[in-house]
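**Student:** The structure is given below, and queries will be raised subsequently.
The values are calculated or read from the model by the stated rules, or taken from the named source; none is laboratory data. Nothing here was measured: the structure is a model prediction, and the numbers come from that model. Cβ coordinates were reconstructed from backbone atoms using ideal geometry, including for glycine residues, and neighbour counts include every protein chain displayed. For the accessible areas, the whole protein counts, side chains as well, though only heavy atoms, and no ligand, DNA or RNA atoms are used. Shrake-Rupley method; radii C 1.70, N 1.55, O 1.52, S 1.80 Å.
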Amino acid sequence: PFRRAIEETGRRYLTDGPCLLHGDYFPGSWLRTERGPRVIDPEFCFEGDPEFDVGVAAAHCALAGQGAA
């Protein structure tokens, strides 16, 4: 079951999804400007599931010891 889950996750990752994703969405790519927040460094963009960018951001925040807020 574990191997099947890993294979399915790999297939999902390699299949185009419904959204354009940043691909490296983490706090180092977020800027606070006078005109509001901006996201930089889109060179890793790809089409996929939006959960990917959310998961990358959550993982970076968790590793940095940041709370949910």
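**Student:** Report the label-to-label distance for Leu20 and Glu8 in nanometres (one decimal), using points 7 Å from each Cα along the Cα→Cβ vector.
**Tutor:** Distance between the two pseudo-spin positions: 3.1 nm.
**Student:** Charges only on Cβ, +1 for Lys and Arg, -1 for Asp and Glu: so what's the dipole of the chain about the Cα centre, in debye to the nearest 20? Please report the intermediate quantities before stating the final value.
**Tutor:** Working: 7 positive and 11 negative charges, 41 e Å.
Using only the charged Cβ atoms, the result is roughly 200 debye.
**Student:** A further question on this structure: For the chain, take N as its residue count and report Rg(C-alpha) divided by 2.2 N^0.38 Å.
**Tutor:** Dividing the Cα radius of gyration by 2.2 N^0.38 Å gives 1.31.
**Student:** Through the Karplus equation 6.51 cos²θ - 1.76 cosθ + 1.60, θ set to phi - 60°, convert the phi angles of the range 9-25 into ³J(HN,Hα) values in whole Hz; use x for Gly and Pro.
**Tutor:** Using θ = phi - 60°, the values come out as 4, x, 4, 5, 5, 7, 8, 4, x, x, 10, 7, 9, 5, x, 8, 7 Hz.
**Student:** Using helices alone, I'd like the mean residue ellipticity at 222 nm for the chain: each DSSP H run of four-plus residues gives -39500 (n - 2.57), total over residue count, nearest 500.
**Tutor:** Helices in the chain give a 222 nm mean residue ellipticity of -12000 deg cm²/dmol.
**Student:** Pop out the carbon and sulfur fraction of the accessible area of the chain as a percent, whole number, probe 1.4 Å.
**Tutor:** Heavy-atom surface of the chain belonging to carbon and sulfur, 1.4 Å probe: 61 percent.
**Student:** For the chain, what is the accessible area per residue in Å², given a 1.4 Å probe and the full set of protein chains?
**Tutor:** Result: 82 Å² of accessible area for each residue.
**Student:** Dipole of the chain (Lys/Arg Cβ +1, Asp/Glu Cβ -1, origin at the Cα centre): which of Gly36, Pro18, Gly48 lies farthest to the positive side?
**Tutor:** Final value for the positive-end residue is Gly36.
**Student:** Another one. Determine the relative contact order of the chain: mean sequence separation of Cα pairs under 8 Å and six or more apart, normalised by residue count, in whole percent.
**Tutor:** 36
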